[in-house]
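Everything on this sheet refers to the single structure shown next.
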């Protein structure tokens with residue numbers, strides 16, 4: 001569909017598509033060399049029949065209990081894990097599982113911001129942001145620096161351009177990581193727990209910057225988060241990974257006032273303390 005950024009149709013993913021724990025670094029070598037996982041490894045379904053449609057310029061949040069596969073969904077969408085079956089469409093284009101790699105997905109202008117920022121420790125902020133642009137030869141050095149400066153301005157990190165990651169707060173590291181992805185001009189941006197580990201001050205500063213990408217640049221965004229208030233503050237739909245499937249998306253207020261089991265579990269504290277909303 002011309003108005004769709006992403007569509008998942010009946011997608012299945014097993015734990016053997018991810019090495020170690022379900023949320024560790026994917027076994028990239030196995031994907032590229034077609035090495036099958038050891039028969040001794042326990043294999044279990046992590047995602048079993050997930051469906052999702054994301055419109056162009058839309059932001060959604062995905063919530064759910066820890067360890068159930070939320071981050072694995074992002075890894076799969078980013079091409080770092082292959083579904084056992086099902087279909088994934090990027091901007092209306094289907095990529096078969098055998099071609100689903102990080103490089104193929106990146107070609108469709110899909111960006112991915114990891115929870116831990118994943119900055120290169122011996123590179124300054126400006127060079128961390130420029131790295132993927134230089135690697136993919138996306139313009140002359142002057143053109144690359146122009147994009148980097150725009151990204152730093154968008155995320156308000158220009159004053160930290162010559163600092164190294166260890167000199168930055170966690171909140172600032174996350175801004176730099178988002179700036180690095182945004183500099184690649186993503187049409188779809190995947191974000192894993194962007195507010196995790198942030199104090200209230202840094203959280204309040206980060207959310208408007210994320211919203212700017214949607215309002216100013218019409219970026220489609222998927223956010224995996226335990227911070228359910230993000231959905232209310234970004235005024236976006238919220239869905240949950242429940243029983244290995246994705247629920248239908250609804251507003252924050254719908255979930256807050258619903259009496260279903262997901263709401264009772266995920267919104268218990270907010271329902272008991274409405275003054276915190």
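Structure notes:
- Members of segment 231-273 that are over 21 Å from residue 69 (Cβ atoms), modelled with pLDDT under 90 and touching a strand residue (DSSP E or B) at 6+ places or on another chain (Cβ under 9 Å): none
- Within segment 137-165, the set of residues being under 18 Å from residue 110 (Cα atoms) and either touching a residue at least 24 places away in the same chain (Cβ under 8 Å) or touching a strand residue (DSSP E or B) at 6+ places or on another chain (Cβ under 7 Å) (or both) comprises 138, 147, 148, 151.
- In segment 93-128, the residues that are in a loop (DSSP other than H, G, I, E, B), farther than 18 Å from residue 190 by Cα and touching a strand residue (DSSP E or B) at 6+ places or on another chain (Cβ under 9 Å): 96
- Filter result (under 23 Å from residue 211 (Cβ atoms) and within 21 Å of the chain's Cα centre (by Cα)) within segment 129-149: 129, 148
- Here 54, 46 are screened, and the one residue that is assigned to a strand (DSSP E or B), at pLDDT below 95 and crowded, with 17+ Cβ neighbours inside 10 Å is 46.
The values are calculated or read from the model by the stated rules, or taken from the named source; none is laboratory data. For clarity, every value in this text was computed on a predicted model and none was experimentally measured. Cβ sites come from the backbone with ideal geometry, for glycine too, and all protein chains shown count toward neighbours.
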